[in-house]
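Since the structure comes first, as structure tokens, the remarks are kept for the end.
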Amino acid sequence: MESERRDLAAEVIERCRKTLGLLAGAAFPHFCCSCGAEGTIICDTCATDAFAPLEGIFVCPGCGERSPLGAICGRKACRKGTPLDGSVAAAPYGRPVLRELLRLYKYEGVEEARMALEAAFAGFGRRHRGALEQILSGAVIVPVPMHPFREAYRGFNQAAMLADALGRELGTPVSRAALRRRFRFSSQAVLKDDDARRANVRGSVLAVGAVPGRHYVLVDDVITTGATLSACAAALKAAGAGRVWAVTLLTGLTLHKKTPKR
Ligand SMILES: [Zn+2]
Ligand SMILES: [Zn+2]
């Protein structure tokens, strides 16, 4: 209850910031979020620099080490630690321009930021088409759901935007009906502790529309500890799903790299 109130307060503050931002935007021109040049929120030069090398990070979702197609490695600790079968991200978390674009889109609703992120994610899809087609073979893309109340308040779900961009680029169906959030919980961003994040999402996702035997590719903006994506994968697998992969724009898994024993 207390965390719900805190959440609501945070959303209201963001809304006010957004409104003020829109008013300011009407009076003042935009500046590139990377180099500061006047014009748009990201100039052509910086967009080229930021998006051209979306290298694709294919890592085990358990330990964060590189693996073919990002499949979970053979370590027991990794297989016990997450129901995900693999993880791929377009770029590492330490990319300031992508992070700033994500912030501008999520918390300030900046339309140009959405378009830039869509283009970046589609470009990542094009560049890694071969690997992604193997991961997406026979699968349905599912964006990580937000609680309906939060989504209604924000006006969009950034995971759904990215899922649509990838689905369009690679001709893969996208389903928003497979998963639903069960109840409100604190935003993962405000919980710094890994255990707190895991406890926060456990049992919070319902696989209401999952089809037994079907493969799924979960899409989200960021994977950090993998707690949210693991909760989604656990729900899908409990409903009989086959393979479940995570594909995100940014990954912090390599930062969290543990060194489990074999
Ligand atoms: Zn620039
Ligand atoms: Zn591993």
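Things to note:
- Taken over the range 201-240, the residue count meeting the criterion of being touching a helix residue (DSSP H, G or I) at 6+ places or on another chain (Cβ under 8 Å) and not in a helix (DSSP H, G or I) is 17.
- Residues that are touching a residue at least 12 places away in the same chain (Cβ under 8 Å), part of a helix (DSSP H, G or I) and surrounded by fewer than 19 Cβ atoms within 10 Å (Cβ to Cβ), drawn from the range 35-89: 49, 69, 76, 77, 79, 81
- Candidate set from the range 16-74 (those that are acidic (Asp, Glu) and more than 16 Å from ligand 2 (Cβ to nearest atom)); member that is modelled with the highest pLDDT: 38
- Flag for residue 162 being within 14 Å of the chain's Cα centre (by Cα) and either assigned to a helix (DSSP H, G or I) or at pLDDT below 95 (or both): yes
- Yes/no for residue 233 being closer than 19 Å to residue 252 by Cα, at pLDDT 95 or above and under 18 Å from the mean Cα position of the chain (by Cα): yes
- Of the residues in the range 94-115, none is over 22 Å from residue 39 (Cα atoms) and either within 12 Å of the chain's Cα centre (by Cα) or polar (S, T, N, Q) (or both).
The values are calculated or read from the model by the stated rules, or taken from the named source; none is laboratory data. If you're wondering where the values come from, they're calculated on a predicted model, not measured in any experiment. Every residue, glycine as well, gets a Cβ built from its backbone with ideal geometry; the counts of neighbours run over all protein chains shown.
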